[in-house]
C-alpha cells in the first residue's frame, strides 16, 4: 500500500482524487459494507480528530462499542482504524490487501481510498454499535462521504488546503457542507459570520435540521493543571462536572461540539446517557480512545508539548494557550510541508522564541534551509537541523528546566517526536 498507491500524506495534491467513483466501486466489490453500519460523520478544518475521540470516549463510557476511522496516522498505520481504542489487527490489514488484490489492481485507488474501504469492511465484520468517520480532506468529494450517517458534525472553518478547497472561507465551507445529507441532522461547532449562511442554505435545501453547538451546550473551566482540566457542562438537560486529560484551551470548543452531538443523539433516543459514567471515565479519555499528538505532554522538566497545529486557526489557538503557561524561555521545534502558506504560518508564530527548524522525513516536507530562510524574513531566530530528532535533541540540550519546548507546524513533525 505504501509503495504502490498514491498517498496524500506523502505526495500531496497529486494523490487527491476529486470524485467518489473509486470508493463506490470498492464498496460495491466488498458487498457494500457502508450500508451495514450506523455512522457519525465528522468534518471541518480543525478539531475533527479531537471531536471524534471525545464522542468515542463518551459513548464508550456508556458501554457502547465504538469503531473509529481517523487520519492521518502518527506512528502506526493501524491508528486509523480502531474499535474502543484498539487497533485493527495486523492480520486483518494483510488479509484485506491479499484477498482483494484483484479488485485493487482493477480500480487502482489512492492510499486513502483503499484505507477507507478497509475500515468499512473491518467495521462491517466486527459490527460495533456506532462508527465515527472523520473526513480526510474537504467533505463533498472525500471518500468517507460514501456513508449515510445518523448525524453529521462540522467543527469549524479555517484556511487550509486552499488549492483544493477554495481561497475563501465560503468556498471552503461549501466543500465541508458536502457531508450534510438529506434529512440527517447536522451540528455546527462554531458560529462564523462568513460561513453560517453556507451551512444554513445547504441544510435548508436538504431538509436537514441544523444546530449550532454554542446554542446547545455551555462549557466553563473550573480548574486546570498542565495535565488535567475540570469543566462544567450545562445545557437544558445537563448540569454536571467532568475532569479530563484533554488540556489546552482550544479543547473547550471541541468538548462543547462533542457534547452537543451526544445530547442530540440522546434526545432522539438513539443512545441512552448516564452523566455519572461520563464523569467517572472522562479523566482517562486519551488512553481509552488512543488519542495522541494534540497538546501532548512529552516531558515536565522542561515542560515539552507536542501539538499538531499546522494552519492559521490552529496556530492562533496555540498562541493563546502559550499565554496561560509560565516559563523562562520558549523553544520551538518547527517543520512544515511544502504545500502550506508558509509565510502566513511563520508570521503567526511568536518572534521571541528560539527556533529549531527541521524537515519531517516525507517527500512533502519543506526543506529546513528554505524554512529557515523564510523565517529570517519574519524576525525568527534559530538554526536548521537535518532531522526532527536532531532538532528536538538540540532543543532539549539548550533548554533549562524552567523553559518550555513546543513541537509544532506539522502532524508529521509531531509524529517523529512523540
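The values are calculated or read from the model by the stated rules, or taken from the named source; none is laboratory data. From a predicted model like this one, the values you see are computed outputs, not experimental measurements. Positions of Cβ are generated from backbone atoms using ideal geometry, with glycine treated the same way; all protein chains shown enter the neighbour counts.
Contact map, segment 60-79: first residue outside the structural domain of residue 280 (by TED's automatic domain parsing), second residue assigned to a strand (DSSP E or B), Cβ cut-off under 7 Å, separation 6 or more or different chains; the map is empty. The residues in segment 365-418 that are touching a helix residue (DSSP H, G or I) at 6+ places or on another chain (Cβ under 6 Å) and either closer than 21 Å to residue 313 by Cβ or without any contact (Cβ under 8 Å) to a residue 24 or more places away in the chain (or both) can be counted, and the count is 5.
Scanning segment 104-130 for residues that are in a helix (DSSP H, G or I) and within 16 Å of residue 65 (Cα to Cα) gives 119, 120, 122, 123, 124, 125, 126. Among the candidates 380, 374, the residue that is farther than 20 Å from residue 294 by Cα, in contact with a strand residue (DSSP E or B) (Cβ under 9 Å, 6 or more places away or on another chain) and surrounded by 15 or more Cβ atoms within 10 Å (Cβ to Cβ) is uniquely 380.
Given the criteria surrounded by 22 or more Cβ atoms within 10 Å (Cβ to Cβ), modelled with pLDDT of 95 or more, farther than 29 Å from residue 226 by Cβ and in contact with a strand residue (DSSP E or B) (Cβ under 7 Å, 6 or more places away or on another chain), does residue 368 qualify? Here the answer is yes, as residue 368 does meet what is asked. Would a scan of segment 340-348 turn up a residue that is surrounded by fewer than 21 Cβ atoms within 10 Å (Cβ to Cβ) and either at positive phi or modelled with pLDDT of 95 or more (or both)? Checking segment 340-348: not a single residue is surrounded by fewer than 21 Cβ atoms within 10 Å (Cβ to Cβ) and either at positive phi or modelled with pLDDT of 95 or more (or both).
The combined condition, being at pLDDT 95 or above, in contact with a helix residue (DSSP H, G or I) (Cβ under 8 Å, 6 or more places away or on another chain), surrounded by fewer than 24 Cβ atoms within 10 Å (Cβ to Cβ) and at negative phi, is fulfilled by residue 150.
Among the residues of this structure, residue 142 does not count as one that is modelled with pLDDT under 95 and surrounded by fewer than 19 Cβ atoms within 10 Å (Cβ to Cβ). The residues of segment 59-103 that are exposed (fewer than 13 other Cβ atoms within 10 Å of the Cβ), more than 22 Å from the chain's Cα centre (by Cα) and not in a helix (DSSP H, G or I), listed by number, are 63, 89.
Entry remark, segment 16-30: residues being under 14 Å from residue 100 (Cα atoms) and either free of Cβ contacts under 8 Å to residues at least 12 places away in the same chain or in contact with a strand residue (DSSP E or B) (Cβ under 9 Å, 6 or more places away or on another chain) (or both) number 1 in total.
Go through (1) in contact with a helix residue (DSSP H, G or I) (Cβ under 7 Å, 6 or more places away or on another chain); (2) assigned to a helix (DSSP H, G or I); (3) surrounded by 17 or more Cβ atoms within 10 Å (Cβ to Cβ) and name the single condition residue 41 misses. Of the numbered conditions (1) in contact with a helix residue (DSSP H, G or I) (Cβ under 7 Å, 6 or more places away or on another chain); (2) assigned to a helix (DSSP H, G or I); (3) surrounded by 17 or more Cβ atoms within 10 Å (Cβ to Cβ), the odd one out for residue 41 is (2).
Only residues that are under 18 Å from residue 297 (Cα atoms) and crowded, with 17+ Cβ neighbours inside 10 Å: list them for segment 328-339, please. Passing the criteria: 330, 331, 332, 333, 334. For segment 233-242, which positions are surrounded by fewer than 17 Cβ atoms within 10 Å (Cβ to Cβ), in contact with a helix residue (DSSP H, G or I) (Cβ under 8 Å, 6 or more places away or on another chain) and at pLDDT 90 or above? Hits for segment 233-242 are 235, 240, 241. Exactly one residue among 200, 220, 207, 175 is at pLDDT 90 or above, surrounded by fewer than 21 Cβ atoms within 10 Å (Cβ to Cβ) and closer than 25 Å to residue 309 by Cα, and that residue is 220.
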